[in-house]
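Trainee: Have a look at the structure that comes next, please.
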Amino acid sequence: MREDLKLYGREREHSRVDGVLAAARSGRGSALVLHGDPGIGKTALLRAGADRATDFRILRCRGIRTEFELNFAALHELLLPVADRLPMLPPTQARALGVVLGLRAGPVDVFLVGAALVRLLSALAAEGPLLLIVDEAGLVDPESTQALIFAIRRLTAVPVTLLVGLRDDPADTLWRELPALPISGLPDAEARRLIAERHGRLGALRLARILAVAGGNPLALHELPDVVGDLAGTAPEPMTLGPGLRAAFRDRVAALPAGVRALLTVAAAETRGVLGIVTTAAAALGVDSGAWEFAGAAGLLTVSDGRVEQTHALLCAAVHDAATAAERRAAQLAVAAALTGPGEADLRTWHRAMAAECPDEELAAALTERATAADHGSIAAAAMLRQAAAITPDPERAGERLAAAGRFAWAGGDIASARGLLDRATARIGPERAAAAGRGLAGMLEFVAGEPERASRLLLRDAELVDPETAANLRADAERARWVAGHEALDLDPAEITVREDISCFHAMVRPLPPAPLVLLWGLTDVALEPYTRAAAYLRGSCAPAAVSLLPQLAILQFANGRFEAAEQTLAEAFELAEAGGVENVLAQCWALRTKIAALQGDSDAVLDSADRVLALARPRRSHALIAAAHWHLGFHALSLGDPETAYLRLRTLVQPGHDARHPTYARLAAVELVEAAARVGRQAEAIGYYEEIRDWAVRSRADWAVSAAYTCRALLCADDRADRYFRRALAARRTRRDLDHARTQLLYGKWLRRARRRADAAEQLRTAAESFEQMGAARWLFRARQELELTGRRVAPVTAYGETSVLTAQELRVARLAARGLTNREIGTDLFLSPRTVGHHLSRVFGKLGLSGRTDLVDVDFDNGMRIVRPR
């Protein structure tokens, strides 16, 4: 186990080790043998045990293969630090241990050594608890093993603990006399956390393959991501190991019979696990039934339902990795020869190419033809093209095949491999030929994970190098990239928002669907929802970037149409796919919408955290649309908190020349917030300018939301009774009557009516607005509407804890009470058998219903007396 590997998910093991240490502290001797595969973490656990034994004297030794034949070699290492204590023993025992330590010459009496060891350890333990650590115990010489076991069995009433690390099951060793604890692989969640903290985000397919092969082995989880290259984690080929794993499994592999190693090499080469193919190929290499029986009995292979499963995938990979090049070629050729079925020609070509010893253009051309002509799936096609490139004699043709492989990897959602393959292709044949062969891959990679301005330039460059249809698509993407980079909005025709389900290319299918903020800008949210939903359903399950990027767009439209639960579900799916695929610009879009939802719910902590995540991803890439979105949502949240100064400072950046949040689309979408904030802080001239901009846009687009926003802004700027007419026009202009913008206009109108002393009219608007805010879970806006309603002299509907009129469900009430006591979402979930995500959902509903800004306000709620807000004076 590497010394720098951190421990993950070892609470059970720590508890057992702590138990034997506690026994020693109470005066009882005990032992524990930790056993498991190489790299599983035994040494790390022994080291952690020593770190926890700060009040113990610690003696250590480690088994070494070259010293296995030397009598008492391990005991010599263990006792050498206390050699000066031998005079305290009776002369005969001191003499026996003196011979073991090389201080005296003469014969060794094994029994006398054991007795002397008991006496010495007892004397040392009398001064304080003693910890003995024996690592790699399988390589400890038998004499040392026997002496230690002899001693520990006689020290049950002495504060001595023995911790042993052993690779093999102790049942078949001398250590079988001692209590044992098997060390298994890490749970999946902990394995993912280890990889994420050590290596960052990996592609979903690559991560899944690494997890499957590693089996939770910490050393494998640490090392495999470094050695898994382009497509190696997802392609139909054996896994390559790194030097640490090779060294860790070298002895285990060497101990296997030759026939078993040949069988496992074939099983690793035939990655599908088809029993008939593996059996035929193995038999061709001379593998007999004894090898199959050994592999099954040892838990290496499992045969069932016509399949061969690699039960110990990591050891199987180690066997294949340790095989010579000739042995691996022989396995591949044997598998190829066994593929005789009419539909197996492509696989036969693949395995022949994997076995090629030298460049072979004929074989490379055949593999290229099959990769691009047959329906293998994008990742398999990418792997075939990459292998074709590997055996292509002409470097330039090899580069073109690498670029084409990158294009297929992109289509399969493996962004990292697509980038790596394109880089290799570019190094061989230059950017222009790589662009032609990759069909604009460089710009598309930059668009989903890099700078939109640079993406636009690359897409336009590559459009000059590809066929006319691809060129038209690349130019359309370049325009979108320019919009993300902060340029003017694109014109939209409702007729263009369509979905073509008669084509197989995901990217071409969704290209007619524009960015959701543009749909909002042109007032087409209701028109666009159905085609976006249909496209998402058609593409669901795909990892292609075009499919992943569609989901946050759909979530934005669902949110805008008031389908909040559907938006949350879509957003959760988008998060999962964007994080798994490393599509960072899409991930930033997800965080931007999360900021908006948190702002609506009034969760200040979530707003700030989500906005920080957006900006951390968007600013280095100069993605002005995403930066603007974050500033808009922060300004919206500040207004909900009654903080127009902060809102103004956030929102004015949307129109501020030179600011990275400046973006014309978002400035128009945020027009009402801009005018309200500017007017409330006395920036009347600026507010008029913002109004004129949204007025002009309303005239140009005729979008009902823009017309309504223009009237609302005009009303906010009126100092006389004309505001009444403008507010009424603003409300009448909307086709939708239950969306956020409409409710906010009602709130603003209700405030104006109250100040105009038209309390009955004000109450009508405010009550309707409050109902809408409550349905949306808009906590702070609901609170403000209720405050205004109370100022009209009208009573707010009572909020009670029990009965048919309760605004909280029974589950929401339980969650709220626990949160008020200071429990975290995870702790609440444990108490109520809910997931932390579900707890968070319940809390957001509680905040909205009670008009709270966050969980800190829950402490002021009197749950037993009508849920009134009780704040100390």
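Trainee: Select from region 60-73 the residues that are buried (at least 19 other Cβ atoms within 10 Å of the Cβ) and within 30 Å of TYR8 (Cβ to Cβ) and write down the one among them that is modelled with the lowest pLDDT.
Mentor: Ranking the candidates gives GLY63 first.
Trainee: Among the candidates LEU117, LEU78, LEU148, LEU70, which residue alone is in the same structural domain as HIS35 (by TED's automatic domain parsing), under 23 Å from LEU166 (Cβ atoms), part of a loop (DSSP other than H, G, I, E, B) and touching a residue at least 40 places away in the same chain (Cβ under 8 Å)? Working first, answer last.
Mentor: Values: LEU117 fails: part of a loop (DSSP other than H, G, I, E, B); LEU78 fails: part of a loop (DSSP other than H, G, I, E, B); LEU148 fails: part of a loop (DSSP other than H, G, I, E, B).
Of LEU117, LEU78, LEU148, LEU70, the one residue that is in the same structural domain as HIS35 (by TED's automatic domain parsing), under 23 Å from LEU166 (Cβ atoms), part of a loop (DSSP other than H, G, I, E, B) and touching a residue at least 40 places away in the same chain (Cβ under 8 Å) is LEU70.
Trainee: Turning to a different aspect of this structure: When both residues are 6+ apart or on different chains and their Cβ atoms are under 7 Å apart, which pairs have a first residue that lies in region 735-756 and is in contact (Cβ under 8 Å) with a residue 60 or more places away in the chain and aliphatic (A, V, I, L, M), and a second that is outside any loop (DSSP other than H, G, I, E, B) and surrounded by fewer than 23 Cβ atoms within 10 Å (Cβ to Cβ)?
Mentor: LEU740/MET776; LEU748/LEU716
Trainee: Can you name every residue in region 363-401 that is aliphatic (A, V, I, L, M), surrounded by fewer than 21 Cβ atoms within 10 Å (Cβ to Cβ) and not in a loop (DSSP other than H, G, I, E, B)?
Mentor: Hits for region 363-401 are LEU363, ALA365, ALA366, ALA373, ALA390.
Trainee: Then there's this: If only one of THR392, THR368, THR372 is in contact with an Asp or Glu (Cβ under 7 Å, 6 or more places away or on another chain) and on the phi < 0 side of the Ramachandran plot, which one is it?
Mentor: Going through THR392, THR368, THR372 in turn, just one is in contact with an Asp or Glu (Cβ under 7 Å, 6 or more places away or on another chain) and on the phi < 0 side of the Ramachandran plot: THR392.
Trainee: When you check ALA298 against the structure, is it surrounded by fewer than 20 Cβ atoms within 10 Å (Cβ to Cβ) and under 15 Å from ALA255 (Cα atoms), yes or no?
Mentor: The answer is yes for ALA298.
So that you can scan it fast, the table gives a plain yes or no per residue for (1) assigned to a helix (DSSP H, G or I); (2) not hydroxyl-bearing (Ser, Thr, Tyr):
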residue	(1), (2)
THR280	yes, no
ALA283	yes, yes
TRP292	yes, yes
VAL303	no, yes
ALA318	yes, yes
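Trainee: Consider GLY102 carefully, then state whether it is outside any helix (DSSP H, G or I) and either over 26 Å from SER26 (Cβ atoms) or not β-branched (Val, Ile, Thr) (or both). Explain how you work it out, then say what you get.
Mentor: Values: outside any helix (DSSP H, G or I): yes; either over 26 Å from SER26 (Cβ atoms) or not β-branched (Val, Ile, Thr) (or both): yes.
Criteria met by GLY102.
Trainee: Run down THR265, THR324, THR340 and say which single residue is within 22 Å of ALA220 (Cα to Cα), surrounded by fewer than 17 Cβ atoms within 10 Å (Cβ to Cβ) and of a type in the set (Ser, Thr, Tyr).
Mentor: Values: THR265 fails: surrounded by fewer than 17 Cβ atoms within 10 Å (Cβ to Cβ); THR340 fails: within 22 Å of ALA220 (Cα to Cα).
Being within 22 Å of ALA220 (Cα to Cα), surrounded by fewer than 17 Cβ atoms within 10 Å (Cβ to Cβ) and of a type in the set (Ser, Thr, Tyr) holds for just one of THR265, THR324, THR340, which is THR324.
Trainee: Considering only region 22-32, state which residues are more than 12 Å from LEU132 (Cβ to Cβ) and either buried (at least 20 other Cβ atoms within 10 Å of the Cβ) or not assigned by TED's automatic domain parsing to the domain that holds THR156 (or both).
Mentor: none
Trainee: Could you run through region 14-28 and say how many residues are touching a residue at least 24 places away in the same chain (Cβ under 8 Å), part of a helix (DSSP H, G or I) and closer than 17 Å to LEU155 by Cα?
Mentor: 5
Trainee: Criterion first (of a type in the set (D, E, K, R) and at pLDDT 90 or above) does GLU488 satisfy it?
Mentor: In short, no.
Trainee: Further question: Confirm whether ASP612 is assigned to a helix (DSSP H, G or I), closer than 25 Å to VAL655 by Cβ and of a type outside the set (A, V, I, L, M, F, W, C).
Mentor: It is true that ASP612 is assigned to a helix (DSSP H, G or I), closer than 25 Å to VAL655 by Cβ and of a type outside the set (A, V, I, L, M, F, W, C).
Trainee: Scan region 123-141 and report the pairs whose first residue is assigned to a loop (DSSP other than H, G, I, E, B) and whose second residue is among the basic types (Lys, Arg), with Cβ atoms within less than 7 Å and a gap of 6+ or a chain change.
Mentor: That search, which allows pairs on different chains as well, returns GLY128/ARG57; PRO129/ARG25; GLU136/ARG62.
Trainee: Of all residues being exposed (fewer than 14 other Cβ atoms within 10 Å of the Cβ) and part of a helix (DSSP H, G or I) in region 788-815, which is modelled with the highest pLDDT? Just the residue, please.
Mentor: Ranking the qualifying residues of region 788-815, first place goes to GLU790.
Trainee: Residues of region 438-460 being without any contact (Cβ under 8 Å) to a residue 40 or more places away in the chain and either surrounded by fewer than 24 Cβ atoms within 10 Å (Cβ to Cβ) or touching a Leu at 6+ places or on another chain (Cβ under 6 Å) (or both), which ones?
Mentor: Passing the criteria: GLY438, ARG439, GLY440, LEU441, ALA442, GLY443, LEU445, GLU446, ARG454, ARG457, LEU459, LEU460.
Each row is one residue, and each column tells you yes or no for (1) at pLDDT below 95; (2) among the acidic types (Asp, Glu); (3) touching a strand residue (DSSP E or B) at 6+ places or on another chain (Cβ under 6 Å).
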residue	(1), (2), (3)
VAL681	yes, no, no
VAL707	no, no, no
TYR711	no, no, no
ASP721	yes, yes, no
ALA763	yes, no, no
PHE773	yes, no, no
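Trainee: Within region 172-252, considering only helices (runs of 4 or more DSSP H) that don't extend past its boundaries, which have at least 1 residues that are in contact (Cβ under 8 Å) with a residue 12 or more places away in the chain and more than 14 Å from the chain's Cα centre (by Cα)?
Mentor: 204-214, 218-227
Trainee: I've got another one for you. Could you grab me the full set of residues in region 517-553 that are surrounded by fewer than 20 Cβ atoms within 10 Å (Cβ to Cβ), polar (S, T, N, Q) and in a helix (DSSP H, G or I)?
Mentor: THR533
Trainee: Still on this structure, I have one more. Looking only at region 461-494, which residues are under 22 Å from ALA544 (Cα atoms), buried (at least 19 other Cβ atoms within 10 Å of the Cβ) and either of a type in the set (A, V, I, L, M) or in the same structural domain as ALA516 (by TED's automatic domain parsing) (or both)?
Mentor: ALA463, LEU474, ALA478, ALA481, VAL484
Trainee: Looking at LEU333, LEU367, can you tell me which residue is under 36 Å from the mean Cα position of the chain (by Cα) and at pLDDT 90 or above?
Mentor: Matching residue, one of LEU333, LEU367: LEU367.
Trainee: Take the residues of region 690-705 that are surrounded by 23 or more Cβ atoms within 10 Å (Cβ to Cβ) and not hydroxyl-bearing (Ser, Thr, Tyr): which is farthest from PHE727 (Cα to Cα)? Don't jump to the end; show me each part of the working.
Mentor: In the first step, residues of region 690-705 are kept if they are surrounded by 23 or more Cβ atoms within 10 Å (Cβ to Cβ); the result is 690-691, 694, 697-698, 705.
Next cut, not hydroxyl-bearing (Ser, Thr, Tyr) only: 694, 697-698, 705.
Details: ILE694: 16, TRP697: 19, ALA698: 16, TRP705: 13 Å.
Of everything passing the filter in region 690-705, TRP697 is farthest from PHE727 (Cα to Cα).
Trainee: Does ARG767 fit the bill of being within 25 Å of PHE559 (Cα to Cα), in a helix (DSSP H, G or I) and over 45 Å from the mean Cα position of the chain (by Cα)?
Mentor: So ARG767 does not fit the description; no.
Trainee: Would you check which residues across region 816-857 are buried (at least 17 other Cβ atoms within 10 Å of the Cβ) and polar (S, T, N, Q) and list them?
Mentor: Once the filter is applied, which keeps residues that are buried (at least 17 other Cβ atoms within 10 Å of the Cβ) and polar (S, T, N, Q), region 816-857 yields ASN825, SER844, SER853.
Trainee: Restrict the check to region 648-663 and report whether at least one residue is touching a Leu at 6+ places or on another chain (Cβ under 6 Å), at pLDDT 95 or above and in a helix (DSSP H, G or I).
Mentor: For region 648-663, residues touching a Leu at 6+ places or on another chain (Cβ under 6 Å), at pLDDT 95 or above and in a helix (DSSP H, G or I): present.
Trainee: Just give me the residues in region 139-166 being surrounded by fewer than 20 Cβ atoms within 10 Å (Cβ to Cβ), under 47 Å from the mean Cα position of the chain (by Cα) and more than 25 Å from ARG25 (Cα to Cα), in sequence order. First the steps, then the outcome.
Mentor: Taking region 139-166 and keeping what is surrounded by fewer than 20 Cβ atoms within 10 Å (Cβ to Cβ), we get 139, 142-143, 146, 149-150, 153-154, 156-157.
Retained after the next criterion (residues that are under 47 Å from the mean Cα position of the chain (by Cα)): 139, 149.
Scanning region 139-166 gives a single hit, LEU139.
Trainee: Got at least one residue in region 255-267 being without any contact (Cβ under 8 Å) to a residue 60 or more places away in the chain, touching a strand residue (DSSP E or B) at 6+ places or on another chain (Cβ under 7 Å), not β-branched (Val, Ile, Thr) and not assigned by TED's automatic domain parsing to the domain that holds ILE40?
Mentor: yes
The values are calculated or read from the model by the stated rules, or taken from the named source; none is laboratory data. Computed from a predicted model, the values in this text were never measured in an experiment. So basically every Cβ, Gly included, is an ideal-geometry build from the backbone, and we count neighbours across all protein chains shown.
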